[in-house]
Amino acid sequence: MMLRCGRFVATQASKVLNRSLATRRRVKTEIAPQVLNNLLTFDEVDATPSSSDPAVYIRSPVSSAYCIDLDKKQLSALDSVAISPSGKVVHGMFGELPDAALSIPLEYLALLRPAAEGAAALRAIDKGNHGTLLIYGAGEASGLAAAQMASAKGHAVVAVVGAEQSGNDTMVECIKGLVKEPGTAVPEEYALSKANFKNLVHSISSGDEGIEKVSAEVYLQDFKFNLLDYVQTYPASRPAAVSQEHLEFKYMEKDREFFETNMEAYLSQYPPGSPPIDQAKLDAFFSTEQYEIFRKKFWKQTTGVISGDETPFSPPHLVKQQIEAPESMSHQTFPGVGQDMPYSFSILNSSFPSGAQQKAGGPIMGAIIVATPNLKAAWDKVSVAKTLRAKGEAMQFLTNSQRAAFTSANSVAQQAQAAGAPVVIAGDGSIKVTDADVTEAIAAMDIDESGESRLNYFVQVYRAVDYPFYAEYAIHRASEELAGPRQIIVTK
């Protein structure tokens, strides 16, 4: 079985293009004939191996692709695409597609219906102003399409990946990489905590990361408290900054001579004890600027240790020197950046450097709820209940995965409703798809000149064109409880 994920370019097996030198630049001088005749050109060559070895695998050309209909447990007739005898691409639901679809792999065009649903859901919410879009079920085909197309338009997307894909950490990270900052993707379990999810949405929409301003006085008071505690614990009366237990002799008397001899070498690895420091003078003369000067000395000493410099360094002695003779702070500037460039953490300058602030995603523009299998099963059981008690009883008998899907989707919808934004349901066939949505989905699938596209899928292809029984096995795999995070496609 051959499993493939990513983009697949359908080409004829019998003919390939052998490309060599190609350029769009026009030359003013003519190329010499002897050079021109030796250049490789675009030729159609026969790709069929000349060997008659039966072990040589020759792929058959692909002319159709199908998604899996999980309800009927068969290949989907609507979510399918095929090449007609006239060379046109025909979709099972939308009929003959425009010529722009000829450059798109059939494996992608089989997912055109959910992609168009994602475009339709985005159209129902997008009113032209940039904002923050919430999506539940971002791992499904329609949710993934809506997330990528919204991100390409400049919206901040908060994508919640359903349990069908959230168990795969790599898949969640891939979806997170498909949406642009400040948008992100989180697993379904994150949205179960409504307070945490609310804080996440607020931080992305407002650009406020919740980082408090640094107070230099608070840092200074903590430093002074720790310094006085250090002075009391390791006084200068001790030969080194060690506890009393290190100096006690607990061995036999005959070992005292060697103990004292070795103790001197042992204590040499520790800094000396701290000199006495008057707290009144410390509070009066050791200001925030003196603390900043002291920190810079610490940085130089750290660099010296890394480079092998063994110059003695005692922080309490440096503080005492600065108390007795306060130093002046040098406001050095750097060419091209100025004094505010944060080469290292500074308690006197806690502002972010220019361009490093978190961008605000904008107000919440709406939420798209994709009907994942777990959510659909939960909704079918809860929606038939008429009273509040009946709904509670129905929730009680849901499976853990169904209950988590229902709760997470509600958490996403409540954030949009609290902001007065619309909530759109996709993935269940209820949303109306127009021709403009189909055209938009095809355009998003198309690859631009830089080799990128606005819509990408993760597909797992079963080549039933070569091995017909792969179609039945693909249906079996798609029907399993843990079918995997990729979209399963069958080609014929």
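The values are calculated or read from the model by the stated rules, or taken from the named source; none is laboratory data. Every value quoted in this text rests on a predicted model; they were computed, and no experiment measured them. Here the Cβ is made from the backbone with ideal geometry for all residues, glycine too, and neighbour counts use every protein chain on show. What goes into the accessible areas is simple: the full protein's heavy atoms, side chains included, and nothing from ligands, DNA or RNA. Shrake-Rupley method; radii C 1.70, N 1.55, O 1.52, S 1.80 Å.
Within the stretch 382-405, residues that are more than 18 Å from S193 (Cα to Cα) have Cβ atoms under 8 Å from residues that are in a loop (DSSP other than H, G, I, E, B) and open to solvent by less than 70 Å² (accessible area, probe 1.4 Å) in these pairs: V382/L398; K391/A385; E393/A385; A394/A385, counting only partners at least 6 apart in sequence or on another chain.
Every residue, every condition in (1) in contact with a helix residue (DSSP H, G or I) (Cβ under 6 Å, 6 or more places away or on another chain); (2) not in a loop (DSSP other than H, G, I, E, B), yes or no:
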{"site": "M395", "(1), (2)": "no, yes"}
{"site": "L398", "(1), (2)": "yes, no"}
{"site": "Q402", "(1), (2)": "yes, yes"}
{"site": "F406", "(1), (2)": "yes, yes"}
{"site": "Q417", "(1), (2)": "no, yes"}
{"site": "D428", "(1), (2)": "no, no"}
{"site": "V433", "(1), (2)": "yes, no"}
{"site": "D437", "(1), (2)": "yes, yes"}
{"site": "E440", "(1), (2)": "yes, yes"}
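For the stretch 469-489, the candidate set comprises residues that are touching a strand residue (DSSP E or B) at 6+ places or on another chain (Cβ under 7 Å) and within 29 Å of K176 (Cβ to Cβ); within that set, the residue that is surrounded by the most Cβ atoms within 10 Å (Cβ to Cβ) is I489.
Look through the stretch 47-74, keep the residues that are at pLDDT below 90 and aliphatic (A, V, I, L, M), and return whichever of them is least open to solvent (accessible area, probe 1.4 Å). Among residues in the stretch 47-74 that are at pLDDT below 90 and aliphatic (A, V, I, L, M), the one least open to solvent (accessible area, probe 1.4 Å) is V62. Within the stretch 362-386, the set of residues being open to solvent by 80 Å² or more (accessible area, probe 1.4 Å) and more than 22 Å from A418 (Cβ to Cβ) comprises K376, D380, K381, V384, K386. A search for C-beta distances below 6 Å between a residue of the stretch 449-462 that is farther than 19 Å from A116 by Cα and any residue that is basic (K, R), counting only pairs 6+ apart in sequence or on different chains, returns Q460/R486; V461/R4.
Answer yes if at least one residue in the stretch 465-477 is in a strand (DSSP E or B), closer than 28 Å to C174 by Cα and not acidic (D, E), and no otherwise. Full working, then the answer.
Step one: list which residues in the stretch 465-477 are in a strand (DSSP E or B), which gives none.
The answer is no, given that none of the residues of the stretch 465-477 is in a strand (DSSP E or B), closer than 28 Å to C174 by Cα and not acidic (D, E).
Quick one: is A360 part of a loop (DSSP other than H, G, I, E, B), farther than 30 Å from L109 by Cα and not hydroxyl-bearing (S, T, Y)?
Working: part of a loop (DSSP other than H, G, I, E, B): yes; farther than 30 Å from L109 by Cα: yes; not hydroxyl-bearing (S, T, Y): yes.
In short, yes.
Quick grid of which residues meet (1) modelled with pLDDT under 85; (2) open to solvent by 90 Å² or more (accessible area, probe 1.4 Å); (3) assigned to a helix (DSSP H, G or I):
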| site | (1), (2), (3) |
| --- | --- |
| C5 | yes, no, no |
| A10 | yes, no, no |
| K28 | yes, yes, no |
| S76 | no, no, no |
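Hey, among the residues in the stretch 122-143 that are in a loop (DSSP other than H, G, I, E, B), touching a residue at least 60 places away in the same chain (Cβ under 8 Å) and of a type in the set (G, A, S), which one's farthest from S408 (Cα to Cα)? The qualifying residue farthest from S408 (Cα to Cα) is G131.
Any residue that is open to solvent by less than 10 Å² (accessible area, probe 1.4 Å), among the acidic types (D, E) and touching a strand residue (DSSP E or B) at 6+ places or on another chain (Cβ under 9 Å) - is there at least one of those in the stretch 80-99? So far as the stretch 80-99 goes, no, none of its residues is open to solvent by less than 10 Å² (accessible area, probe 1.4 Å), among the acidic types (D, E) and touching a strand residue (DSSP E or B) at 6+ places or on another chain (Cβ under 9 Å). Cβ-Cβ distances below 9 Å connect the following pairs, each with a first residue in the stretch 471-482 that is over 19 Å from S64 (Cα atoms), a second residue that is modelled with pLDDT under 90 and part of a helix (DSSP H, G or I), and a separation of six or more residues or different chains: L482/E164. Scanning the stretch 123-141 for residues that are open to solvent by 10 Å² or more (accessible area, probe 1.4 Å) and among the polar types (S, T, N, Q) yields a single hit, N129.
Of the residues making up the stretch 171-183, those that are in contact (Cβ under 8 Å) with a residue 24 or more places away in the chain and either among the charged types (D, E, K, R) or loosely packed, with under 15 Cβ neighbours inside 10 Å (or both) number 2. Look at E117 and say whether it is within 19 Å of I425 (Cβ to Cβ) and in a helix (DSSP H, G or I). Spelling it out, E117 is indeed within 19 Å of I425 (Cβ to Cβ) and in a helix (DSSP H, G or I).
I want to confirm something. Restricting to the stretch 281-319 and keeping residues that are in a loop (DSSP other than H, G, I, E, B) and closer than 21 Å to Y234 by Cβ, which single residue is most open to solvent (accessible area, probe 1.4 Å)? I'd like the intermediate steps shown before the answer.
Let us first name the residues in the stretch 281-319 that are in a loop (DSSP other than H, G, I, E, B), namely 286-287, 307-314.
Those left that are additionally closer than 21 Å to Y234 by Cβ: 286, 310-314.
On the way: F286: 2, E310: 168, T311: 88, P312: 122, F313: 50, S314: 16 Å².
Filtering first and then ranking leaves E310.
If you scan the stretch 188-205, which residues turn out to be crowded, with 21+ Cβ neighbours inside 10 Å and more than 22 Å from G362 (Cα to Cα)? Of everything in the stretch 188-205, just one residue is crowded, with 21+ Cβ neighbours inside 10 Å and more than 22 Å from G362 (Cα to Cα), namely E188. The set of residues from the stretch 422-468 being surrounded by 21 or more Cβ atoms within 10 Å (Cβ to Cβ) and on the phi > 0 side of the Ramachandran plot comprises just one member, G427. Filtering the stretch 167-191 to residues that are under 8 Å from the mean Cα position of the chain (by Cα), more than 13 Å from L134 (Cα to Cα) and not charged (D, E, K, R) leaves V172, C174, I175, G177, L178. Is it true that some residue in the stretch 113-122 is touching a Phe, Trp or Tyr at 6+ places or on another chain (Cβ under 9 Å) and open to solvent by 10 Å² or more (accessible area, probe 1.4 Å)? Yes - at least one qualifying residue is present in the stretch 113-122.
Would you say S354 is modelled with pLDDT under 85 and open to solvent by less than 70 Å² (accessible area, probe 1.4 Å)? Let's see the steps before the verdict.
Working: modelled with pLDDT under 85: yes; open to solvent by less than 70 Å² (accessible area, probe 1.4 Å): no.
Considered against the rule, which asks whether it is modelled with pLDDT under 85 and open to solvent by less than 70 Å² (accessible area, probe 1.4 Å), S354 comes out as no.
Just to be sure, is G362 closer than 30 Å to G128 by Cβ and out of contact with any strand residue (DSSP E or B) (no Cβ under 6 Å at 6 or more places or on another chain)? When the stated conditions are applied, G362 does not pass them. Among the residues of the stretch 212-219, is any surrounded by fewer than 17 Cβ atoms within 10 Å (Cβ to Cβ), outside any loop (DSSP other than H, G, I, E, B) and among the acidic types (D, E)? Yes.
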